[in-house]
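*Asks:* Got a structure for you, written out below as structure tokens; questions coming shortly.
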Amino acid sequence: MQTQIADSYRNTPDGEVAERILRSCVHCGFCLATCPTYQVLGNELDSPRGRIYLMKQVLEGATPTAKTQLHLDRCLTCRNCETTCPSGVEYGKLLDIGRHIVEENVGRSPLASATRAALKSGLGSSLLFNSALRLGQGVRGLMPGFLKARVPPAEHAGAWPAPRHQRRMLVLQGCVQPGLKPNINAAAARVLDRIGISLVAADEAGCCGALAHHLNDRDDGLNAARRNIDAWIPHLDAGVDAIVMTASGCGVMVKDYGWLLRDDAAYADKAVRVSAATKDISEILVGEAAALKPLAPRASRLTQKRIAYHPPCTLQHGQKLTGGVEVLLTDAGFELTPVAEKHLCCGSAGTYSILQPEIASQLKARKLGHLQAGDPEQIVTANIGCLTHLQSGSPIPVRHWVELLDEALAAP
């Protein structure tokens with residue numbers, strides 16, 4: 001793509017990255033076929049190619065408008081287009097730059113700004129979120145149906161094994177997951193404990209920064225990354241094997257720390273080290289398949305074994321991890337039902353389901369239709385956002401796949 005970056009952006013870090021990405025696009029349109037918003041809206045400006053044209057115009061000096069911002073806001077950042085693109089266009093990086101520039105030029109209404117600030121603070125703080133969640137759960141029985149669907153009942157985590165192995169790994173507890181689904185990390189700890197690995201958390205670590213990052217607050221997102229790096233580096237120095245992610249949305253963010261902090265002299269090298277050490281729980285367990293195999297039960301021991309698996313976009317498109325979860329579940333005795341359009345987003349996408357509820361609802365209904373088509377007993381996924389979003393519209397239980405693996409390994 002031929003482009004002439006405006007003087008105000010030329011020779012700046014963002015301008016140089018944007019120009020390189022723009023020049024790699026060949027206008028082929030393959031991305032349209034796999035873009036969820038284009039599938040729903042049918043408007044090319046709500047497709048990767050259309051948004052690339054919009055960002056190109058802005059970077060060449062055109063004045064962005066509220067309409068420009070709307071089309072960029074409607075992107076789920078699922079990065080399905082990157083998986084599809086034959087030219088390797090790094091659309092996600094370009095979108096981060098484009099959104100930031102448009103935000104600076106167009107701004108937000110007071111209400112929109114307040115909503116985004118509340119989401120960032122409320123979801124990014126475990127204290128605030130858990131307090132609000134407990135309050136909501138306390139009056140859940142009095143809520144109308146549409147609200148009750150958004151407030152899950154309280155759950156309890158199973159036992160978390162005490163550290164007892166020479167091999168240790170860190171886990172990011174996350175923002176909302178410990179309150180919503182406390183058993184997920186505990187289940188991961190139990191599975192790893194069975195194969196001789198102790199899972200521990202660094203108390204100083206907090207939100208991965210993805211919430212702020214995708215709400216165009218670069219500073220808060222990077223500050224969260226720096227805080228986590230400071231919390232984890234001493235553990236890496238002490239010899240922990242890896243930093244484990246049980247939420248793929250957090251995983252893709254932490255794996256990008258090296259890129260996001262590349263210009264920070266104090267953190268660039270440490271960020272690269274943290275990103276390199278970060279692994280999704282499926283990566284860890286696929287690598288430990290030989291140790292898991294003797295523990296796998298016979299299929300006859302499983303009380304519920306027909307499951308439908310939804311691979312989150314952050315896992316399959318962001319981290320480029322496919323097939324591992326399916327192999328682990330199949331080896332553990334589960335039967336995976338066929339699911340159409342596995343590549344398409346469920347509509348959760350962090351805060352997207354709150355900020356763009358109509359599109360998110362359509363995508364959720366479409367996804368649940370495919371997941372339920374094979375008559376599964378349970379639906380499983382690998383990200384807390386997808387899990388809660390799908391559960392709000394599903395009569396079938398939706399869980400994290402590692403919980404099922406934990407139960408299978410514990411079967412008598």
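The values are calculated or read from the model by the stated rules, or taken from the named source; none is laboratory data. Keep in mind the model is a prediction, meaning the values are calculated, not measured. Please note: Cβ atoms are built from the backbone with ideal geometry, for glycine as well, and neighbour counts cover all protein chains shown. These area figures cover heavy atoms from the full protein model, side chains too; ligands, DNA and RNA do not enter into them. Shrake-Rupley method; radii C 1.70, N 1.55, O 1.52, S 1.80 Å.
*Asks:* Counting only protein heavy atoms and using a 1.4 Å probe, what share of the accessible area of the chain belongs to carbon plus sulfur, as a whole percent?
*Replies:* The computed percentage sits at 55.
*Asks:* Here's a follow-up. Any chance you could look up the accessible area of Glu16 with a 1.4 Å probe, heavy atoms only, rounded to 10 Å²?
*Replies:* Its accessible surface works out to 110 Å², give or take rounding.
*Asks:* Here's another thing I want to ask about it. Would you mind listing how long the range 1-120 runs along its three principal axes, going by Cα atoms, in whole Å with the largest first?
*Replies:* 41, 37, 22
*Asks:* In whole percent, what relative contact order does the range 59-148 give with Cα contacts below 8 Å and a gap of six or more residues?
*Replies:* 25 percent
*Asks:* Within a Cβ distance under 10 Å of Leu329, other residues only, what is the Lys/Arg minus Asp/Glu net charge?
*Replies:* Around Leu329, the charge tally is -2.
*Asks:* Tell me, what is the FRET efficiency for Arg164 and Asn130 to the nearest 0.05, using R0 = 22 angstrom and their Cβ-Cβ distance as r?
*Replies:* Result of the calculation: an efficiency of 0.15.
*Asks:* In addition: Hey, what D do you get for the range 235-380 in µm²/s if you plug the Kirkwood alpha-carbon radius into Stokes-Einstein at 37 °C and 0.692 mPa s?
*Replies:* 189 µm²/s
*Asks:* Next question, about the same structure. Could you check which residue among Ala159, Ala205, Ala18 shows the biggest mean-square fluctuation in a GNM of the chain with a 10 Å Cα cutoff?
*Replies:* Ala159
*Asks:* Then there is this: State the Kirkwood hydrodynamic radius of the chain in Å, one decimal place, computed from all pairs of distinct Cα atoms.
*Replies:* 22.2 Å
*Asks:* Run the numbers on the range 1-101 and let me know its relative contact order in percent, using alpha-carbon pairs under 8 Å that are six or more apart.
*Replies:* Once divided by the residue count of the range 1-101, the mean separation gives 33 percent.
*Asks:* May I ask you to list the trypsin sites (Lys or Arg not before Pro) in the range 101-136 that are in a DSSP loop and have at most 16 other Cβ atoms within 10 Å of their Cβ? If you can, show how the numbers build up before the last one.
*Replies:* Working: sites: Arg108, Arg116, Lys120, Arg134; in loops: Arg108.
Qualifying residues, ordered by number: Arg108.
*Asks:* Please compute the length gained on full extension between Ser24 and Asn11, using 0.36 nm multiplied by the number of residues separating them and subtracting their Cα-Cα distance.
*Replies:* Contour length minus the Cα-Cα distance gives 2.9 nm.
*Asks:* Also, quick follow-up: Report the local net charge at Tyr267: Lys and Arg +1, Asp and Glu -1, summed over other residues whose C-beta lies under 12 Å from its C-beta.
*Replies:* Summing Lys and Arg as +1 and Asp and Glu as -1 gives +1.
*Asks:* Ok, one more. Please state the relative contact order of the range 108-200 as a whole percent: Cα pairs under 8 Å, 6+ residues apart?
*Replies:* Values: 94 pairs, mean separation 27.6, N = 93.
Reported relative contact order: 30 percent.
*Asks:* Highest first, please rank the peptides 179-192, 385-398, 319-332 by the mean number of other Cβ atoms sitting within 10 Å of their residues.
*Replies:* The peptides rank, most packed first, as 179-192, 385-398, 319-332.
*Asks:* For the chain, report the accessible area per residue in Å² (1.4 Å probe, heavy atoms, rounded to an integer).
*Replies:* 43 Å²
*Asks:* For the range 178-305, place one equal point scatterer on every Cα, skip the solvent, and apply the Debye formula. What is log10 of I(q)/I(0) at q = 0.16 Å⁻¹?
*Replies:* Log10 of I(q)/I(0), two decimals: -0.84.
*Asks:* While we're on this one: Give the Rg/Rh ratio for the range 97-150, taking Rg as the radius of gyration of the Cα atoms and Rh as the Kirkwood radius, to two decimals.
*Replies:* Ratio of gyration radius to Kirkwood radius: 1.16.
*Asks:* Please list the radius of gyration and Dmax for the range 55-165, considering alpha-carbon atoms only, with Å as the unit.
*Replies:* That works out to 20.6, 60 Å for Rg and Dmax.
*Asks:* Note down the nm distance, to one decimal, between modelled labels 7 Å out along Cα→Cβ at Thr115 and at Glu377.
*Replies:* 4.2 nm
*Asks:* For Gly61, what is the net charge nearby, where nearby means another residue's Cβ is under 11 Å from its Cβ and Lys, Arg count +1, Asp, Glu -1?
*Replies:* 0
*Asks:* Next question, about the same structure. What does the helix-only formula give at 222 nm for the chain: each DSSP H stretch with n ≥ 4 adding -39500 (n - 2.57), the total divided by the residues, and the result rounded to the nearest 500 deg cm²/dmol?
*Replies:* The helix-only estimate for the chain comes to -14500 deg cm²/dmol at 222 nm.
*Asks:* Quick one: how many Å² of Cys208 are accessible to a 1.4 Å probe, rounded to 10?
*Replies:* 10 Å²
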